[in-house]
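To keep things clear, I will list the structure first and then write my remarks on it.
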Amino acid sequence: MAEKIKTAILLLLVCSSLFLTHQLWYGQSPAQPLAEDIYERIEVESPRPMEEIVTPSRIIVYQGNSAYQFRLGEEDFNSLWDINSTIMQDYENFTVANEDTVPDSLSTFAAFYFKPPLPVGSDQPWLPGMEYLPVDIIKIKTYENDYWLILYENATEAELTFNISAEQVEPLLTAISDLQNLDRISYIELTDNIVADLVEGNLSVRSSLYVPQDPVYLSNIMLDPEVIDRDNLLRSFFVDLNLARVIEEKEDGLIYTDGEKGLRITTKGLAYSAPRLEEGQTTISYPEALLNCSNLISHHGGWPDDLRLEDFTYTSRNNGSNYTASWQKYYSGYPLITKMPTRLSFNDRGLIHYSRSIYSPAAPLEEELFEAASWSEALKTAISIIALEHPGSESDLRVERIQLVYVVSGSSSAPLGVPAWQLIINGENIYLDAQTLEPFQGEKL
């Protein structure tokens, strides 16, 4: 009897297996199959046009023996760049200069430095009739009553000179003359000769580094972390939120993941990753990639004022290639440095990685301004730190960056912007408190 029951059960299982296999192969398809990665279009803000994506890293204006620096977050910066940008969009009135007619003793009265490079020529807004050229520096030079606009590309050392008329450059001349009565800090360009006596050994300076030669007075500032619409943010990353698992962290952090990509949101910002896209390739040109990065940040949180595209690089590996864009928030011409940068990587398959941490000034603290330590004191302190950490390296040093910044410090509930000197020497990034020259450790960021 028991054997008959076993045989019946076995027969039932075989029949069930055959039926289910038939349904799998020949049964009805789901009434509405889901398309892969069809995202709801969330319009946080309209993507920026090319004219607003790439802006100068700094503008230097020369008046007599003095140089004045303008950076994002300063009202004069925007007006100077807008004027020069408009001048360069009028290509029909530009003529390529004959080298034989350009005097040797030209004087520069304005220089625009770019990182990332400004895409000029071809179908771009600037000089659209000329051949395409990624431009790192634009200088406007003069001799007597004649003017020249000169484009420089660092990679190939290309240089292109145009004649421009006094009428074309008049708006810029007027804007610069209006700045003469402003109480501004003057700057000097660092050279190997200027820093030669600071340390023993070989100390070289990367080109186009400017430091203040007048005293700089600063104070701590209170900051507010960015508040992002969480619902819109989630819908911009996930096709179906019902498929996303939510993990709560101890310190108010939330992690959303659907098994292929993940998004972590905290009070300090967000981090997103889609590792399966890393093996994709990117085939679009540099200008197209710039527009794409504008679309991505506009779609995933927005591009607020005084946030500048600071770096844009192409990376190729054995299993894939991608573009990486990095942004930097500015306050009154000084960068706000956070521990987690605002950065994204993408290729033709989509967004691979994205981190975002943006703070905005709330108000200066009610305390007196203090005089920041000089650039030379900051440089000597940084070199002494390198000497302690890497004995022997001080005999051959390369200064790659030196600038005043605000370091985002303090607690998450009361973040502060603390003035600091940022120096990059031999590739090593050093932050020094601008008042005490004490180094910032990682836990203070």
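One table, with the values for the structure above:
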| read-out | value |
| --- | --- |
| Search result, residues across segment 189-235 that are in a loop (DSSP other than H, G, I, E, B), under 30 Å from S384 (Cα atoms) and of a type outside the set (A, V, I, L, M, F, W, C) | T191, D197, E200, G201, R206, S207, S208, Q213, D214, P215, S219, N220 |
| Filter result (of a type in the set (A, V, I, L, M, F, W, C), under 30 Å from A363 (Cβ atoms) and surrounded by 12 or more Cβ atoms within 10 Å (Cβ to Cβ)) within segment 199-249 | V211, V216, L218, I221, M222, L223, I228, L233 |
| Residue within segment 278-287 that is touching a residue at least 12 places away in the same chain (Cβ under 8 Å), out of contact with any Gly (no Cβ under 6 Å at 6 or more places or on another chain) and in a helix (DSSP H, G or I) present | yes |
| Count of segment 151-198 residues which are closer than 18 Å to A378 by Cβ and crowded, with 17+ Cβ neighbours inside 10 Å | 3 |
| Residue count for segment 151-188, restricted to those that are within 18 Å of V61 (Cα to Cα), part of a strand (DSSP E or B) and either of a type in the set (F, W, Y) or out of contact with any strand residue (DSSP E or B) (no Cβ under 9 Å at 6 or more places or on another chain) (or both) | 2 |
| Scope segment 207-237; condition without any contact (Cβ under 8 Å) to a residue 40 or more places away in the chain and either closer than 27 Å to W303 by Cβ or of a type in the set (D, E) (or both); matching residues | D214, V227, R230, D231, L234 |
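Yes/no per residue for (1) closer than 24 Å to E288 by Cα; (2) among the hydroxyl-bearing types (S, T, Y); (3) touching a helix residue (DSSP H, G or I) at 6+ places or on another chain (Cβ under 6 Å):
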{"site": "Y314", "(1), (2), (3)": "yes, yes, no"}
{"site": "N318", "(1), (2), (3)": "yes, no, no"}
{"site": "T324", "(1), (2), (3)": "yes, yes, no"}
{"site": "Q328", "(1), (2), (3)": "yes, no, no"}
{"site": "P335", "(1), (2), (3)": "no, no, no"}
{"site": "K339", "(1), (2), (3)": "no, no, no"}
{"site": "R349", "(1), (2), (3)": "yes, no, yes"}
{"site": "I352", "(1), (2), (3)": "yes, no, yes"}
{"site": "S355", "(1), (2), (3)": "yes, yes, no"}
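Every read-out reported here was derived from the displayed coordinates using simple, explicitly stated rules and does not represent laboratory data. Quick caveat: nothing in here was measured; it's all calculated off a predicted structure. Virtual Cβ from ideal backbone geometry, glycine too; neighbours counted across all protein chains shown.
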